[in-house]
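J.: One structure follows; several queries about it will come next.
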Amino acid sequence: MKKCTDCKKEKDDNCFAKYRSKCKECRNAYNKEYKLNNKESISDYNKTYYKNNKESAKDRTKKSNSNNK
């Protein structure tokens, strides 16, 4: 049993990611709120990353598409 540092509840070890102090529920809630509050900066980062890494992004997309046919 571990205690979440966010909700302060004791939960099973399988409710936590390895080496994390927040439970999965609290982490998911935090990530969801972060993405909503930072939509624009995340979008800008993704556009810049794609622009600078077009070839590897295309290769990843091709590989993913061929694996999921």
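The values are calculated or read from the model by the stated rules, or taken from the named source; none is laboratory data. Please read these numbers as outputs of a predicted model, since none were measured by experiment. Cβ atoms come from the backbone with ideal geometry, glycine included; neighbour counts cover every protein chain shown. The area values use the complete protein model at the heavy-atom level, side chains included, leaving out ligands, DNA and RNA. Shrake-Rupley method; radii C 1.70, N 1.55, O 1.52, S 1.80 Å.
J.: What is the angle, in °, between the Cα long axis of helix 54-67 and the longest principal axis of the Cα atoms in the chain? Nearest 10 is fine, range 0 to 90.
T.: Compared with the principal axis, the helix lies near 70 degrees.
J.: Quick one: Debye curve from the C-alpha atoms of the chain, no solvent, what's log10 I(q)/I(0) at q = 0.17, 0.24, 0.25 Å⁻¹?
T.: -0.81, -0.91, -0.94
J.: So, one more: What is the local net charge at Glu10, summed over the other residues whose Cβ is closer than 12 Å to its Cβ (Lys, Arg +1; Asp, Glu -1)?
T.: Local charge sum for Glu10: +3.
J.: Which pairs in the list Lys2/Lys47; Lys11/Lys32; Lys2/Lys58; Lys47/Lys69; Lys9/Lys69 are over 31 Å apart, alpha-carbon to alpha-carbon?
T.: Lys2/Lys47; Lys2/Lys58; Lys9/Lys69
J.: How large, in percent, is the carbon and sulfur part of the accessible surface of the chain at a probe radius of 1.4 Å?
T.: Answer for the chain: carbon and sulfur cover 47 percent of the accessible area.
J.: Positive end of the dipole of the chain, charges at C-beta (+1 Lys, Arg; -1 Asp, Glu), about the Cα centre: which of Ser66, Asn46, Tyr30 has its Cα farthest in that direction?
T.: Toward the positive end, the furthest listed residue is Ser66.
J.: Tell me the per residue accessible area of the chain using a 1.4 Å probe; a whole number in Å² is fine.
T.: Roughly 93 Å² per residue, with all protein chains present.
J.: So if I take the centroid of the Cα atoms in the stretch 44-63 and the same for the stretch 4-22, what is the distance between those two points in Å?
T.: So the two Cα centres are separated by 34 Å.
J.: Also, I was wondering about something else. Mind pulling the angle between the C-alpha long axis of helix 24-37 and the longest principal axis of the chain? Nearest 10 degrees, somewhere in 0 to 90.
T.: 50
J.: Output the relative contact order of the chain, whole-number percent, from Cα pairs under 8 angstrom with separation of 6+ residues.
T.: 16
J.: Related question: May I ask for the angle, rounded to the nearest 10°, between helix 39-52 and the longest principal axis of the chain, with both axes built from Cα atoms and the value confined to 0 to 90°?
T.: 40
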